[in-house]
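Where a number appears in this text, it was derived from the coordinates with a stated rule and is not lab data. Treat the numbers as computed from the prediction; the structure is a model and nothing was measured. A quick note on method: Cβ atoms are made from the backbone with ideal geometry, for glycine too, and the neighbour counts reach across all protein chains shown.
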Amino acid sequence: DIYTIIKKKTSEGFQSIPYVISLLSAMLLLYYGVLKTNALLIVTINSIGCAIEVTYLVIYLIYAPKKDKMFTLRLILLFNMVAYGLMMVVTIFLFKGSGRVNAVGWICAAFNLAVFAAPLSIMRRVIKTKSVKYMPFSLSFFLTLCAIAWFFYGIFVEDFFIAFPNVLGFLFGAAQMILYLVYKDSNKNDLKLKTKTMEMNPSSPTADKPKALSFDHGRRKSMEMKVYVEQDTI
């Protein structure tokens, strides 16, 4: 998505919601990793995840139309600042010790589900338009691999909050790959149909050129004959 946005220099056709939700999920998991003991892997990976998502959002905002840009900024303010800040305040003052870890764990699990459900809008668009233009296969493939990896990590460290959401992540990733395989040839077929139509129905200006030339030639010849007859009469 980001490569396409940079290449076309516009974010039109792409949504910022998945990036905003992914950033919030990484922020929550980072907070969860800090609270949880022996969670260096969670802290490291989600720190990198936050940096990547921030980069994606910056690029999106640079190339987004004004309307989409304002909408994205409102989302960031609502989710990544207000909601995240409120969650931290509530968990710090209302929970202590393991209770705080569990509370943040449940919140992380809920938002992980939201991250995996975010591409549903793109999947609906693919089904509606029968085009995979805005759902690259590589993204779905790596989403599925990521879900599988985190699922087994959660199983090995006996962390329910990590393992459970990634079951749904695997299912959504697999569904996206199936959709891609079903509709991947639609764009090629549309292009072939347009090319064939253009070949069978050439544009009218091009088609009229021979007629116009023939008409001009006949008119010129008629005028020459008229002049010749007048001269002969004189």
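For the range 80-97 versus the range 19-57, the inter-centroid distance based on Cα atoms is 16 Å. Taking other C-beta atoms within 10 Å as the exposure proxy, F116, F161 rank F161, F116 from fewest upward. By the count of neighbouring beta-carbon atoms within 10 Å, fewest first, K128, K36, K184 end up ordered K128, K184, K36. Where in the range 1-38 does the amide nitrogen come within less than 15 Å of the point 7 Å from the Cα of I127, taken along Cα to Cβ? Counting backbone N atoms under 15 Å from the label point, the list is empty. Across the cross-link table entries K9/K69; K9/K184; K7/K69; K69/K130; K8/K67, which are compared at the Cα atoms, the separations over 22 Å belong to K9/K184; K69/K130. Ordering L24, L61, L171 by the number of other Cβ atoms within 10 Å of each residue's own Cβ, fewest first, gives L171, L61, L24.
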